Each structure stands twice: as C-alpha cells, then as structure tokens.
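K.L.:
My questions will all concern the structure given below.
The values are calculated or read from the model by the stated rules, or taken from the named source; none is laboratory data. Just so you know, these numbers come straight off a predicted model, no measurement behind them. Please note: Cβ atoms are built from the backbone with ideal geometry, for glycine as well, and neighbour counts cover all protein chains shown. Note: areas computed on protein heavy atoms with side chains; ligands, DNA, RNA excluded. Shrake-Rupley method; radii C 1.70, N 1.55, O 1.52, S 1.80 Å.
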Amino acid sequence: MNAIIALSIGLRLLGVGYSILLLARTRDRRFGFLTLLFSFMTLRQLLTVQTASTGLEELPGLVVSVLTLLTVYYLSEYVTEENALKTELRAVNERLRSFRKAIEHAGHAIFLTDSDGTIEYANPAVESVTGYDREEVIGETPRLWQSGKHGDDFYAELWGQITSGSVWEGELTNRRKSGELLWIDATIAPITEDGDVNRFVAIERDVTERKEREMRIEDQNGRLTVLNNTNEVLRDINRELVAASTRDEIEATVCEQFASSDLFDVAWIGSRGLVDGTVSPHSWAGSDLGSLENHIEAMCTTEPTPVEQALRDRTLCLPTSRTTDCRQSAKNGASSFRSPITMRSMASSG
C-alpha cells in the first residue's frame with residue numbers, strides 16, 4: 001500500500017469519526033448522511049486496495065477525501081452559526097410573546113396605525129376606553145371616536161407634530177360608542193425607519209373620573225374664594241351702613257359697595273311681583289336699567305331659577321355651569337355678574 005492510498009484511507013476514517021461525533025452532538029441528520037458517505041468511500045477504498053495502482057492515479061481519490069472532510073468541517077461551522085441564530089430567534093420570539101401578552105393585558109387602549117392613521121392593531125382594552133370592539137376599529141381611524149370638542153386647528157397641530165417625528169402627549173375629549181363623553185390622557189408616538197415615519201403607536205387612558213374630581217375641587221375652591229372675598233366686601237359694607245338711615249340709602253349703599261369692588265361688575269336688589277312672580281330691580285349700580293333687565297330675564301329662564309332657589313332656601317345661590325352663572329365675567333357685557341351675592345339681596349327683599 002503506497003502512501004497516497006494510506007493517507008486517503010486515513011482521511012476517510014477520520015471523516016467517519018468526525019461525522020459521527022457531530023451527529024451525536026447536534027442531532028443534525030445532514031451529518032448522518034456524511035457519515036454514510038464517508039463509510040462507503042472508506043469501504044470502497046479498502047476493497048480495492050489490493051488492486052489499486054501505485055502511481056499518481058490515486059491522487060484524485062485523495063483530493064476527494066480532503067474536500068469531503070473540509071465539507072464536514074464547514075458544515076459544522078454553519079450548523080453552529082445556525083443553532084446560534086435559532087437560539088437568538090427563539091429568545092426574540094419569546095420576548096415578542098411577552099410584549100404581546102403585556103400589551104394584550106394592559107389596562108390602557110393601545111393602537112398601532114399606518115402612516116395615514118388607519119388602525120392596524122388594537123388591544124382588548126380598546127373596548128373599555130372607546131366602547132368599540134377591537135374588530136370594529138381595525139381598518140378605521142381614530143376619527144371614529146372624536147367628540148367634536150376639538151377644532152380642526154387642534155388636530156392639524158397634533159398631526160403635524162407626530163408626522164415630523166415628535167411625540168405628542170396631552171388630554172382629549174372623546175366620545176364612546178354609546179355617545180357618552182370622556183376625558184382621555186393620550187400619548188401618540190411615531191415609529192420611524194431610516195428616518196421616515198411609517199407607523200404610529202397611540203396609548204389612551206380614561207381619566208374621566210380624575211378630571212371630574214379636579215373640576216369639582218376647582219369649582220369648590222372657586223366658590224370658597226368668592227365667599228371669602230365677598231365676606232371682605234360685606235365688612236366694608238357694614239361700615240358704610242352705619243351712616244345710612246333709610247331703606248333706600250341702605251340698598252343704594254349695598255349696591256354701590258358691591259359694584260365698586262373688584263369682585264363684581266354689577267350689583268342690584270329686586271323683588272318679585274305678587275301676581276305674576278316676575279323679578280324687578282329697584283336698586284342697582286354698575287349697569288344701566290335696560291342691560292340689567294335683559295340679564296334678569298335670561299337668568300330667570302332656568303328651572304328652578306336662581307331667584308327661586310335663593311328665596312326658597314334663604315341662602316346664597318351658587319349656580320353651576322349647567323345653569324345661569326351669576327359669576328360670569330363682566331368682560332362679556334354690562335349685564336354679566338361675577339358673584340352670587342346678588343341672589344341673597346333678592347331673597348332678603350322679596
């Protein structure tokens with residue numbers, strides 16, 4: 001047996017052992033095929049060793065053995081990289097499943113839209129925030145639940161900000177599927193690729209209860225401020241009343257003191273007619289009679305009127321925003337009032 005044949009057989013036996021080792025390590029069936037290939041190549045060489053020539057004719061067989069062994073080596077490297085990629089891909093998929101699970105179970109409504117704002121994905125919380133099923137909003141745009149409380153300029157500014165690549169955060173008034181209005185705390189962020197915005201993600205949270213609580217507190221604070229400031233005016237009035245001797249002087253002094261205060265623009269005292277129940281002013285300051293009568297007429301269209309409430313309870317009338325507000329700013333006209341103290345005046349004189 002010449003050296004070339006011996007080397008070729010040795011390489012093929014090495015290839016068999018190498019392939020078996022890699023097959024056992026990776027469980028990759030491709031190494032099983034190479035093991036069989038090397039085995040048959042080795043068996044053939046052993047069966048023909050006695051009849052083989054001793055010249056360079058056996059050199060191609062040696063080259064085939066080398067190339068086949070190299071094939072096993074490079075395949076092992078490829079399988080190692082492939083397994084590493086599979087492991088990384090499994091980890092990425094696991095993270096994606098975790099992210100998806102977190103989004104699916106999030107208490108906030110989360111939307112994914114294309115570059116035109118068409119919704120491509122919505123999590124189940126969309127129903128609790130908008131009233132629509134997630135299947136109903138896919139293919140729609142967020143215009144579906146716009147309330148009409150925000151003008152076109154508001155949405156144009158919002159759209160311009162997010163399409164420029166910036167994140168928009170703020171509060172919106174939306175309308176549920178049922179028609180009910182609600183306050184939304186929203187964050188809208190662009191998703192960019194190579195510097196171009198191709199998607200948007202929006203997170204919306206229902207903050208209606210918080211906003212209503214804040215408005216109640218603000219309203220209560222406003223009422224307390226008015227009452228505290230009114231008490232200061234009343235102290236000034238009490239000092240002026242010492243010099244008044246008749247009812248007309250008392251009423252005139254009261255109206256003048258209120259109207260001259262920074263808290264009020266107009267003050268008046270009136271009475272109700274015994275026959276028709278209409279309210280008529282007989283002392284006032286800060287306004288002409290025509291504007292005052294127009295204001296009283298508008299105020300008395302509510303049900304119950306602030307006058308009736310004041311006369312019934314014999315206390316200050318503090319109308320809410322759903323009725324005529326006695327605390328309107330006089331910037332809107334001479335007939336507006338900032339304080340409910342005039343209601344007490346009516347009650348005391350009726």
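K.L.:
Scan region 276-319 for residues that are closer than 22 Å to VAL226 by Cα, open to solvent by 60 Å² or more (accessible area, probe 1.4 Å) and modelled with pLDDT of 80 or more and jot them down.
P.N.:
TRP284
K.L.:
Taking region 162-177, which residues are outside any strand (DSSP E or B) and either free of Cβ contacts under 8 Å to residues at least 12 places away in the same chain or open to solvent by 80 Å² or more (accessible area, probe 1.4 Å) (or both)?
P.N.:
SER164, LYS177, listed by residue number.
K.L.:
Can you find a residue that is crowded, with 19+ Cβ neighbours inside 10 Å, part of a loop (DSSP other than H, G, I, E, B) and at pLDDT below 75 anywhere in region 339-347?
P.N.:
yes
K.L.:
Let me ask you something else. Do we find that ALA259 is open to solvent by less than 50 Å² (accessible area, probe 1.4 Å) and more than 51 Å from the chain's Cα centre (by Cα) in this structure? Break it down stepwise before answering.
P.N.:
Numbers: open to solvent by less than 50 Å² (accessible area, probe 1.4 Å): yes; more than 51 Å from the chain's Cα centre (by Cα): no.
Against the criterion (open to solvent by less than 50 Å² (accessible area, probe 1.4 Å) and more than 51 Å from the chain's Cα centre (by Cα)), ALA259 does not qualify.
K.L.:
Something else now. Among ILE184, ILE191, ILE217, which is touching a strand residue (DSSP E or B) at 6+ places or on another chain (Cβ under 9 Å) and more than 19 Å from LEU144 (Cβ to Cβ)?
P.N.:
Being touching a strand residue (DSSP E or B) at 6+ places or on another chain (Cβ under 9 Å) and more than 19 Å from LEU144 (Cβ to Cβ) holds for just one of ILE184, ILE191, ILE217, which is ILE191.
K.L.:
I'm checking my understanding of the structure. Among residues of region 1-42 that are at negative phi and among the charged types (D, E, K, R), which one is surrounded by the fewest Cβ atoms within 10 Å (Cβ to Cβ)?
P.N.:
Step by step, filter region 1-42, then rank; the result is ARG29.
K.L.:
How many residues are in a helix (DSSP H, G or I), of a type in the set (D, E, K, R) and open to solvent by 80 Å² or more (accessible area, probe 1.4 Å) if we restrict to region 178-236?
P.N.:
Taking region 178-236 first, the residues in a helix (DSSP H, G or I) are 208-236.
When the remaining residues are screened for being of a type in the set (D, E, K, R), the result is 209-214, 216, 218-219, 223, 232, 235-236.
Filter again for open to solvent by 80 Å² or more (accessible area, probe 1.4 Å), leaving 209, 212-214, 216, 218, 232, 235.
Of the residues in region 178-236, 8 are in a helix (DSSP H, G or I), of a type in the set (D, E, K, R) and open to solvent by 80 Å² or more (accessible area, probe 1.4 Å).
K.L.:
Of the residues LEU158, LEU182, only one is touching an Asp or Glu at 6+ places or on another chain (Cβ under 9 Å) and among the aliphatic types (A, V, I, L, M); which?
P.N.:
After applying the criteria, what remains is LEU182.
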